[in-house]
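Let me begin by presenting the structure, written as structure tokens, before commenting on it.
The values are calculated or read from the model by the stated rules, or taken from the named source; none is laboratory data. Because the structure is a prediction, the values reported are computed rather than measured. No Cβ is skipped: glycine too gets one built from the backbone with ideal geometry, and neighbour counts run over all protein chains shown.
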Amino acid sequence: MKNKLLIQLTLACFFLVTPLVSHGAQRPDPTEQMKPFVHKVMEILKNADFKEDPKCIICKRLIDVSRERFDFNEMSKRVLGRAWRKLNKEERADFVDLFTRLLQYAYIGKLEQYTGQKVIFKGERIRGKRAEVKTELNDGQQSVAVSYIMLLEGDQWMIYDVIIEGVSLVRNYREQFKEILRKEKYSGLVRQIEKKVKQLEEERRQRFSQKN
Amino acid sequence: MILSKVLTRFLVVLSFFILLLSPLSLYAAGQDETTDFLSDDFYEDTADVAPETGDPLEPFNRAVFQLNDHAYTYIFNPVAKGYSAVVPFDIRHIIDNFFTNLEEPVVFINCLLQGRFSDAGSTIVRFLANSTIGVGGLVDFANREIGLEPVEATLGETLGVWGIGDGFYLVVPFFGPSTLRDFTGTVIDSLAMTPYYTCIDKWSVKTGIYAEKTTNDLSMHIGEYEDLKKLSFDPYIALRNSYFQYRKKIREHRVFPENE
């Protein structure tokens, strides 16, 4: 087990160095860019003690690390669909901020359940400036298929959608937001997301106050 | 005697299905679920206009969704939780294997009907190997030792391959999301399973088997529905959309392309 980790880490280091050596002559590879990022996240999770973290400081750290590989701007754009184009610069920035906070509580909070699952890379496909990196989250008993949809920005592949067992996070939210936008317009949607974030924050706080 | 009973039931369901389905199969098939992830352009006007598989029964479906939600929260989930606390994962996994194995002949026929001959072949090999070496299907020997993964094929999919539309989205009491076409397929698929059960006359035993299968299935997925509900703004739409996306995934039988 230790050996395997060592090999993985060595590989990760190797892949970090390779682009420097080959001087960017090659087209960047999405899987190779994902690997060091995944290792970084797993390191944080391994050393994290969520039980002692009622304010979810680790969540914030994870979001900060995620910015390296996730394009929350592109994500927000896609989740809003056509409504995005009607927003001005400030509104867009505010929405990205709000949506990132939702993701922080909704999904990063879920990583608390991390119990040493392994990420196995299953392959990739590239079409133009977009790529899908297929992985499998495996805990030895059950496995979950997780795909990352990425966009090539400069020489970096950035994630803008996560597909869990075939279900796209972005498409699922877009479908729900479409209804809300139709009935309550953009301001109604913002209100609902704010409410949801508060509710998730509150739930978390209660969980900790019950424990102590 | 038994055969004629099964046959009559089959015909009743089939005629019901043909009556209902034919005028409705013109509904537009979902577009959002069929677009490839790598060619999904959010800014296209069509992306917002494109209809999902129709949901003309939405008020009815929402009511059934509520019913299922309550049944899940107050009956199924507590039962599955207790069950998974008592029955260890390995045993639940064996039970899962057993039921999967029983369904293999139906999967085999559907593969044939869909023209997926290599899948049909691997299904029959799986069934034979698992029923014998795999101790009556308790062990998925074929997957572990020969690398033959279980194949997905239902009559709903077969009908889709034959060009019959989904009809409309349907939430079935105590069953969950489906479409008119797919649920009809599910009913016929399970009738085709009746040879196993005809030797069991007691209704209570049959129900018991079904309950055990459902509980066992559910015990492998505890917490997923709660998460969906907690993280969504409209759980009904979230589940409907997840259903169509997930269904698309399990019906994609090609090998993941390494590159294009």
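Key figures
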| read-out | value |
| --- | --- |
| Test: B:Asn77 is polar (S, T, N, Q), part of a helix (DSSP H, G or I) and farther than 23 Å from B:Met193 by Cα | yes |
| Candidate set from the stretch A:112-132 (those that are away from every other protein chain (no Cβ under 13 Å), surrounded by 11 or more Cβ atoms within 10 Å (Cβ to Cβ) and at pLDDT below 90); member that is nearest to B:Leu38 (Cα to Cα) | A:Lys118 |
| Subset of the stretch B:222-236 that is in a helix (DSSP H, G or I), at the interface with chain A (Cβ under 8 Å from one of its Cβ atoms) and not acidic (Asp, Glu) - its residue that is farthest from B:Thr73 (Cα to Cα) | B:Leu231 |
| Some residue of the stretch A:136-143 being in contact (Cβ under 8 Å) with a residue 24 or more places away in the chain, out of contact with any Pro (no Cβ under 8 Å at 6 or more places or on another chain) and either assigned to a strand (DSSP E or B) or at negative phi (or both) | yes |
| Verdict on A:Lys211 being at pLDDT 90 or above, over 18 Å from A:Leu87 (Cβ atoms) and surrounded by fewer than 13 Cβ atoms within 10 Å (Cβ to Cβ) | no |
| Members of the stretch A:85-133 that are of a type in the set (A, V, I, L, M, F, W, C), part of a strand (DSSP E or B) and either within 16 Å of A:Tyr173 (Cα to Cα) or in contact with a helix residue (DSSP H, G or I) (Cβ under 8 Å, 6 or more places away or on another chain) (or both) | A:Val119, A:Phe121, A:Ile126, A:Ala131, A:Val133 |
| Number of positions in the stretch A:133-149 that are loosely packed, with under 13 Cβ neighbours inside 10 Å and at the interface with chain B (Cβ under 8 Å from one of its Cβ atoms) | 2 |
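Yes or no, residue by residue, for (1) in contact with a His (Cβ under 6 Å, 6 or more places away or on another chain); (2) surrounded by 16 or more Cβ atoms within 10 Å (Cβ to Cβ); (3) without any contact (Cβ under 8 Å) to a residue 24 or more places away in the chain:
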position: B:Pro78; (1), (2), (3): no, no, yes
position: B:Tyr83; (1), (2), (3): no, yes, no
position: B:Pro88; (1), (2), (3): no, no, yes
position: B:Asn97; (1), (2), (3): no, yes, no
position: B:Glu104; (1), (2), (3): no, yes, no
position: B:Asp119; (1), (2), (3): no, yes, no
position: B:Thr123; (1), (2), (3): no, yes, no
position: B:Gly136; (1), (2), (3): no, no, no
position: B:Thr158; (1), (2), (3): no, yes, no
